[in-house]
1. Looking only at residues that are within 16 Å of ligand 3 (Cβ to nearest atom) and charged (D, E, K, R) in the range 4-34, which one is surrounded by the most Cβ atoms within 10 Å (Cβ to Cβ)?
2. (1) touching a strand residue (DSSP E or B) at 6+ places or on another chain (Cβ under 7 Å); (2) in a helix (DSSP H, G or I); (3) surrounded by fewer than 18 Cβ atoms within 10 Å (Cβ to Cβ); (4) of a type outside the set (Ser, Thr, Tyr): which one isn't true of Ala174, the others all being true?
3. Being of a type outside the set (Asp, Glu) and within 16 Å of ligand 2 (Cβ to nearest atom) is true for just one of Thr184, Thr116. Which residue is that?
4. For the range 184-263, which fully contained strands (runs of 3 or more DSSP E) count at least 1 residues that are within 16 Å of ligand 1 (Cβ to nearest atom) and of a type in the set (A, V, I, L, M)?
5. On the given criteria, is Arg230 more than 15 Å from ligand 2 (Cβ to nearest atom) and out of contact with any strand residue (DSSP E or B) (no Cβ under 8 Å at 6 or more places or on another chain)?
6. Only one residue in Ala106, Ala121 is within 16 Å of ligand 2 (Cβ to nearest atom), more than 24 Å from Ala214 (Cβ to Cβ) and in contact with a helix residue (DSSP H, G or I) (Cβ under 9 Å, 6 or more places away or on another chain), so which one is that?
7. Look through the range 145-168, keep the residues that are in a loop (DSSP other than H, G, I, E, B) and away from ligand 1 (no atom under 16 Å from the Cβ), and return whichever of them is nearest to Val200 (Cα to Cα).
Amino acid sequence: MSTDRLVIAVPSKGRLQENANAFFERAGLPVLQPGGARNYRGRLGGIDDVEIAFLSASEITREIAVGNVHLGVTGLDLVQETVPAWAQKVHLVTELGFGFADVVVAVPMAWIDVATMADLADVAAEFRARHGHQLRIATKYLNLTRRFFAEHGIADYRNVESLGATEGAPASGAAEAIVDITTTGSTLAANDLKILSDGVILKSQAHLVASRNAAWSDLARAQARTILDRVASEARARRTREVRTRLDDAAGALAAVAALGATAPFGLPAAGGPLTLHVPSARVAAVADLLRARGAATVTVARLDWVFAADAEMADALEAALG
Ligand SMILES: Nc1ncnc2c1ncn2[C@@H]1O[C@H](COP(=O)(O)OP(=O)(O)OP(=O)(O)O)[C@@H](O)[C@H]1O
Ligand SMILES: O=P(O)(O)OC[C@H]1O[C@H](OP(=O)(O)OP(=O)(O)O)[C@H](O)[C@@H]1O
Ligand SMILES: [Mg+2]
């Protein structure tokens, strides 16, 4: 880093790229790549002097861990697998609601007696005596596997490192079982593999992450505060609906819907005026029912683009993590 400005690492390819760009766009901070797709440096629109490094998801994780970039978008699976003592180096700013994938233990469908990790432990304990070698697990998630198997008391196995087509390992005879990431399950099914019932090691999704090791200048901290305020405002808006209505007893109605999480951010209306509520999106129908039961004739519901608020919980949590 040649200057003290903020540097954000954004996926330049792979499964997270498109959604990561859409996420910054929604927050009013479009990712700009002036030199075209082959230029590995860009900048963020909507804010001055923020640099973007375009990298693959695994490179982003590494650069965050060593502190070469301040913020980045990557998968939780990569953070937990590839960064030793990750919580000391990486602060999870927020989940991003995309890049969902589970890291799972899967065995051949034909193993009808093996449904749980305890069953797999039994197989592992007897495997060498029966077959002349240890149970082999194909995976690129060596650290997550080691931790999870240890928690389940499985010690008698061997990892076979696999960097691609892991699901093919049992059929090809390279391993007996696998640990890999799955989203739709179609690759597992196509390879006649099943997930053990308690074999989900990690439910991963993309996160905005911050490096606790980077050099955080005053400028970089201030830029991060601005960015996180917009990100938090967009996230708040996404989980909220604006509900408007008119009733005789607005105060009584507000008290009744408060139990459903509704708030009146602009206060109670003067007599006869419209009441504006903010309601968690999942509770909108229940709130509308209650309002009509209390005499509201019409209730409108609208999506919001932004909800700016007085508190800065995301930025404050980052400051606390950076010390
Ligand atoms: N079905 C999926 N399979 C694999 N990764 C997924 C899936 N769904 C979401 N992801 C997320 O995407 C991350 C990896 O993305 P991807 O494999 O596209 O990167 P990449 O560009 O291939 O990077 P690299 O070349 O460094 O492996 C995973 O670690 C995970 O967090
Ligand atoms: O459950 P599904 O929806 O079928 O997805 C799972 C598959 O996707 C990933 O591979 P990817 O296509 O990223 O190839 P890679 O291993 O080369 O990264 C992963 O390693 C699985 O093979
Ligand atoms: Mg990949």
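The values are calculated or read from the model by the stated rules, or taken from the named source; none is laboratory data. Just so it is clear, the model here is predicted, and its values are computed rather than measured. Cβ: placed from backbone, ideal geometry, glycine included. Neighbour counts: every protein chain shown.
1. Here is the first cut: in the range 4-34, the residues within 16 Å of ligand 3 (Cβ to nearest atom) are 11-20.
Checking the rest, the ones that are also charged (D, E, K, R) come to 13, 15, 18.
On the way: Lys13: 11, Arg15: 15, Glu18: 11.
In this case the residue turns out to be Arg15.
2. (2)
3. Numbers: Thr116 fails: within 16 Å of ligand 2 (Cβ to nearest atom).
Residue meeting the stated conditions: Thr184.
4. Because the criterion is at least 1 residues that are within 16 Å of ligand 1 (Cβ to nearest atom) and of a type in the set (A, V, I, L, M), the strands (runs of 3 or more DSSP E) in the range 184-263 that meet it are 193-204, 206-211.
5. Numbers: more than 15 Å from ligand 2 (Cβ to nearest atom): yes; out of contact with any strand residue (DSSP E or B) (no Cβ under 8 Å at 6 or more places or on another chain): yes.
Yes; evaluated as a whole, the condition is true for this residue.
6. Working: Ala121 fails: within 16 Å of ligand 2 (Cβ to nearest atom).
The conditions single out Ala106.
7. As a first pass, look at the range 145-168 and keep what is in a loop (DSSP other than H, G, I, E, B): 152-156, 162-165.
If we keep only those that are away from ligand 1 (no atom under 16 Å from the Cβ) as well, we get 152-156.
On the way: His152: 12, Gly153: 16, Ile154: 15, Ala155: 18, Asp156: 20 Å.
If we take residues in the range 145-168 being in a loop (DSSP other than H, G, I, E, B) and away from ligand 1 (no atom under 16 Å from the Cβ), then His152 is nearest to Val200 (Cα to Cα).
To keep it simple, each residue is scored yes or no on (1) at pLDDT below 95; (2) out of contact with any Ser or Thr (no Cβ under 7 Å at 6 or more places or on another chain).
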{"position": "Met1", "(1), (2)": "yes, yes"}
{"position": "Val10", "(1), (2)": "no, yes"}
{"position": "Glu25", "(1), (2)": "no, yes"}
{"position": "Leu29", "(1), (2)": "no, yes"}
{"position": "Gly67", "(1), (2)": "no, no"}
